[in-house]
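Colleague: Take this structure first; my questions come after.
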Amino acid sequence: MTRAFLIVMDSVGIGGAPDADAFFNDGTPDTGSNTVGHIAEACAAGLADEGRAGALQLPNLDRLGLGMAVKLASDMVAPGLGADPAGAWGAATEVSRGKDTPSGHWELAGVPVPFDWTYFPDEEPAFPPEITQAICDAAGVDAILGDKHASGTVILEELGAEHLRTGLPICYTSADSVLQIAAHEEVFGLQRLYDVCEAIAPMLHERRVGRVIARPFLGDADSGFERTVNRRDFALAAPEPTLLDWVVEAGRPMHAVGKIGDIFAHRGVTDNAKGADEDLMEALIALGGTAEEGSLTFANFVEFDSKYGHRRNVAGYARHLEWFDAQLGRFFATMREGDLVIFTADHGNDPTWVGTDHTRERVPVLCQGIGMRKLGLIAFADVAASVAEHLGLTPRGAGRSFL
């Protein structure tokens, strides 16, 4: 038997989604958005030199075919990404009608979303009275703060002090199918925040709202407020067994790294390492040395998206890409003969684009362990089928193996 490592670089899209004109940021269609391509252009133009300088440097990912995948997906030649591929490379197109985390991950795991998500209107109040009352009942309060579309960092600046003064949870949403609740870890209580989110999640899931997210933070009005790594997602379970279930039902270990457990409602997960991206990289490298034959390691690195994409921070996104790429030599050194490694993404989040939402893009599929070849334009679900075939399992999802 051999092992498989499926690594999602959250929001690292490569443009070219054929239906991008049906998805919007602040009323502007996502047509032409390209996370990697536009970051590379900004770096080459000297517009992303904060904390770094010059052309985007991603030698490990480019060696696997990142630059060629960008060109395949969007016909853009990304400056600095011109290596001749030594891996297998392609670009995947999503069919689910969402540009969000659950849609992308479910489809990568073989299950396209068969329904439309429920989204809250961009108006105040954003939540219907029965949901607001459920939050109040679960939290033991008589009101909530926020009740609108908002950036998670901006709303802390706006309402963090009032939260400390009143003890009321800060509730907000976005263009995703999500209800987020922010609360101070020490003043409100971390476990209390988790309990509130868990209590209301079934009501939201019945309405096909994808996630209730606990967003704990620390700090005060003088020093500022900062979200912690103790985020927890209470997600709707996928409607069909996913790649994770196929692995576990076959008696194999399924090691989750990052928010994979939360995304899949902790179904089909043997264990889950959590923390900041730096911690997750150490966990991934450790699993490279210890993961069992026949196992799947499924990782998500979220800070591309959460820290830099939504905040439209081009230099920060470029720095994080370069940091991630620089760690891969350590990870590759742990690989064994016959291992399959796939790097991909779940959607885009072009930091040069208008608005603050994800962008509808194709994503790279970069493989080590199956030789050097062009995979072409493939489907998200083909990733699950290919991992399953590599592990000797029978795919049950929508995809076709590219092995």
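The values are calculated or read from the model by the stated rules, or taken from the named source; none is laboratory data. Keep in mind the model is a prediction, meaning the values are calculated, not measured. In this analysis, Cβ positions are derived from the backbone assuming ideal geometry, glycine residues included, and neighbour counts consider all displayed protein chains.
Colleague: Quick one: T352 ticks every box in (1) part of a loop (DSSP other than H, G, I, E, B); (2) over 19 Å from I14 (Cβ atoms) bar one, so which box is it?
Modeller: Here T352 meets the rest and fails (2).
Colleague: Within segment 216-261, which residues are free of Cβ contacts under 8 Å to residues at least 40 places away in the same chain, touching a Lys or Arg at 6+ places or on another chain (Cβ under 9 Å) and not in a strand (DSSP E or B)?
Modeller: Within segment 216-261, R231, A237, D245, V248, G261 meet the criteria.
Colleague: Among H205, H266, which is over 17 Å from the mean Cα position of the chain (by Cα) and of a type outside the set (A, V, I, L, M, F, W, C)? Please lay out each step first, then the result.
Modeller: Values: H266 fails: over 17 Å from the mean Cα position of the chain (by Cα).
Exactly one residue qualifies, and that residue is H205.
Colleague: Go through (1) assigned to a loop (DSSP other than H, G, I, E, B); (2) modelled with pLDDT of 95 or more and name the single condition T2 misses.
Modeller: Single failed check for T2: (2).
Colleague: Can I ask one more? Considering V8, V36, which residue is modelled with pLDDT of 95 or more, among the aliphatic types (A, V, I, L, M) and out of contact with any Asp or Glu (no Cβ under 6 Å at 6 or more places or on another chain)?
Modeller: V36
Colleague: Looking only at residues that are of a type in the set (A, V, I, L, M) and surrounded by fewer than 22 Cβ atoms within 10 Å (Cβ to Cβ) in segment 160-188, which one is modelled with the lowest pLDDT?
Modeller: Taking segment 160-188 as the starting set, the residues that turn out to be of a type in the set (A, V, I, L, M) are 161, 164, 168, 170, 175, 178-179, 181-183, 187.
Add one more test, that the residue is surrounded by fewer than 22 Cβ atoms within 10 Å (Cβ to Cβ), and what stays is 161, 164, 168, 175, 187.
Details: A161: 97, L164: 97, L168: 98, A175: 83, V187: 96.
Among them, the one singled out is A175.
Colleague: Of all residues being buried (at least 21 other Cβ atoms within 10 Å of the Cβ) and either over 27 Å from N25 (Cβ atoms) or among the charged types (D, E, K, R) (or both) in segment 103-157, which is nearest to the chain's Cα centre (by Cα)? Just the residue, please.
Modeller: Result: E107.
Colleague: Determine which member of the set D245, D262 is touching a Phe, Trp or Tyr at 6+ places or on another chain (Cβ under 9 Å), within 22 Å of F380 (Cα to Cα) and at pLDDT below 95.
Modeller: Numbers: D245 fails: at pLDDT below 95.
Of D245, D262, the one residue that is touching a Phe, Trp or Tyr at 6+ places or on another chain (Cβ under 9 Å), within 22 Å of F380 (Cα to Cα) and at pLDDT below 95 is D262.
Colleague: Quick check: is even one residue across segment 214-226 closer than 20 Å to P102 by Cα and modelled with pLDDT of 95 or more?
Modeller: Taking segment 214-226 as the starting set, the residues that turn out to be closer than 20 Å to P102 by Cα are 214-215.
When the remaining residues are screened for being modelled with pLDDT of 95 or more, the result is 214-215.
Checking segment 214-226: at least one residue is closer than 20 Å to P102 by Cα and modelled with pLDDT of 95 or more.
Colleague: For segment 323-346, does any single residue satisfy the condition of being under 18 Å from the mean Cα position of the chain (by Cα), assigned to a loop (DSSP other than H, G, I, E, B) and either buried (at least 22 other Cβ atoms within 10 Å of the Cβ) or not hydroxyl-bearing (S, T, Y) (or both)?
Modeller: Within segment 323-346, one or more residues are under 18 Å from the mean Cα position of the chain (by Cα), assigned to a loop (DSSP other than H, G, I, E, B) and either buried (at least 22 other Cβ atoms within 10 Å of the Cβ) or not hydroxyl-bearing (S, T, Y) (or both).
Colleague: Ok, one more. Restricting to segment 146-195, what's the tally of residues that are part of a strand (DSSP E or B) and more than 20 Å from N230 (Cβ to Cβ)? Walk me through it before giving the result.
Modeller: Filtering segment 146-195 for residues part of a strand (DSSP E or B) gives 146-149, 170-173, 178-184.
After this cut, where a residue has to be more than 20 Å from N230 (Cβ to Cβ) as well, the list is 147-149, 173.
So the count comes out to 4.
Colleague: A further question on this structure: Please verify whether segment 266-281 includes one or more residues that are under 21 Å from M335 (Cβ atoms), without any contact (Cβ under 8 Å) to a residue 12 or more places away in the chain and among the hydroxyl-bearing types (S, T, Y).
Modeller: no
Colleague: Among the residues of segment 13-54, count how many are surrounded by fewer than 18 Cβ atoms within 10 Å (Cβ to Cβ), in a helix (DSSP H, G or I) and among the polar types (S, T, N, Q).
Modeller: The qualifying residues number 0.
Colleague: In this structure, is I200 part of a strand (DSSP E or B), under 25 Å from the mean Cα position of the chain (by Cα) and under 30 Å from S96 (Cβ atoms)? Walk me through it before giving the result.
Modeller: Numbers: part of a strand (DSSP E or B): no; under 25 Å from the mean Cα position of the chain (by Cα): yes; under 30 Å from S96 (Cβ atoms): yes.
Judged against the criteria, I200 is not a match.
Colleague: Among the residues of segment 359-398, write down those that are farther than 30 Å from A175 by Cα, in a loop (DSSP other than H, G, I, E, B) and at pLDDT 95 or above.
Modeller: G369, I370, G371, M372, L391, G392, L393, listed by residue number.
Colleague: Here is a follow-up. Which numbered condition trips up P79, out of (1) at negative phi; (2) touching a residue at least 40 places away in the same chain (Cβ under 8 Å); (3) of a type outside the set (A, V, I, L, M)?
Modeller: (2)
Colleague: Checking G90 against (1) in contact with a helix residue (DSSP H, G or I) (Cβ under 6 Å, 6 or more places away or on another chain); (2) under 30 Å from E292 (Cα atoms); (3) outside any helix (DSSP H, G or I); (4) not acidic (D, E), which test does it fail?
Modeller: (1)
Colleague: Give R362, R312, R400 a once-over and let me know the one that is under 22 Å from P102 (Cα atoms) and surrounded by fewer than 16 Cβ atoms within 10 Å (Cβ to Cβ).
Modeller: On the way: R362 fails: surrounded by fewer than 16 Cβ atoms within 10 Å (Cβ to Cβ); R312 fails: surrounded by fewer than 16 Cβ atoms within 10 Å (Cβ to Cβ).
Checking each option against the conditions leaves just R400.
Colleague: Right, here's the next one. Please identify the pairs in which a residue from segment 285-300 that is surrounded by fewer than 20 Cβ atoms within 10 Å (Cβ to Cβ) has its Cβ atom under 7 Å from the Cβ atom of a residue that is not in a loop (DSSP other than H, G, I, E, B) and not aromatic (F, W, Y), counting only partners at least 6 apart or on another chain.
Modeller: Within 7 Å, the pairs are I285/R330.
Colleague: Here's something else I'd like to know. Considering only segment 370-393, state which residues are free of Cβ contacts under 8 Å to residues at least 60 places away in the same chain and either in contact with a strand residue (DSSP E or B) (Cβ under 9 Å, 6 or more places away or on another chain) or among the hydroxyl-bearing types (S, T, Y) (or both).
Modeller: From segment 370-393, those free of Cβ contacts under 8 Å to residues at least 60 places away in the same chain are 386, 389; that's our starting set.
Hit for segment 370-393 is S386, nothing else.
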